[in-house]
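Everything below concerns the one structure shown next.
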Amino acid sequence: MKESKTLKWIFISVGGILMWLISFTLIYDLLIPDICYYHTNEMNSFMNLFYSAGPADNGHPSPNLLNLIISLIIGGILGYGIYKYLTTKNKRKIKTTANTVYN
């Protein structure tokens, strides 16, 4: 795969969006199986970092801004890592074929 800035930003964006979707659906369901549990019980400090259960949400936990930012950052880093892996894999392949042709 050839390197380009557009392709790099596409991988970063898609990675961020996918991680956001995973965080707001799959991880949310794994961490909070019963949303009504927090009507009468307090959330621990870890849950308070990434979820809020205020009166606007009727006492149900919902992802907050920090959760969104962290999800997008982790997804962007993963997307960039995949982009770098795919572009360097192609460079190694081209380099190997060039060495075998000239040797």
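The values are calculated or read from the model by the stated rules, or taken from the named source; none is laboratory data. Source: prediction; values computed, not measured. Glycine gets a Cβ as well: all are built from the backbone with ideal geometry, and neighbour counts include every protein chain shown.
Each row is one residue, and each column tells you yes or no for (1) closer than 28 Å to Thr88 by Cα; (2) not in a helix (DSSP H, G or I); (3) not small (Gly, Ala, Ser).
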| position | (1), (2), (3) |
| --- | --- |
| Glu3 | yes, yes, yes |
| Ile10 | yes, no, yes |
| Gly15 | yes, no, no |
| Pro33 | no, yes, yes |
| Tyr38 | no, no, yes |
| Asn41 | no, yes, yes |
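Table: residues versus (1) in contact with a His (Cβ under 7 Å, 6 or more places away or on another chain); (2) among the small types (Gly, Ala, Ser); (3) modelled with pLDDT under 95; (4) under 19 Å from Ile12 (Cβ atoms).
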{"site": "Ile32", "(1), (2), (3), (4)": "no, no, yes, no"}
{"site": "Ala53", "(1), (2), (3), (4)": "yes, yes, yes, no"}
{"site": "Ile70", "(1), (2), (3), (4)": "no, no, no, yes"}
{"site": "Gly76", "(1), (2), (3), (4)": "no, yes, no, yes"}
{"site": "Thr88", "(1), (2), (3), (4)": "no, no, yes, yes"}
{"site": "Lys91", "(1), (2), (3), (4)": "no, no, yes, no"}
{"site": "Thr96", "(1), (2), (3), (4)": "no, no, yes, no"}
{"site": "Asn103", "(1), (2), (3), (4)": "no, no, yes, no"}
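Do we find that Tyr51 is of a type in the set (Ser, Thr, Tyr), free of Cβ contacts under 8 Å to residues at least 24 places away in the same chain and at negative phi in this structure?
yes
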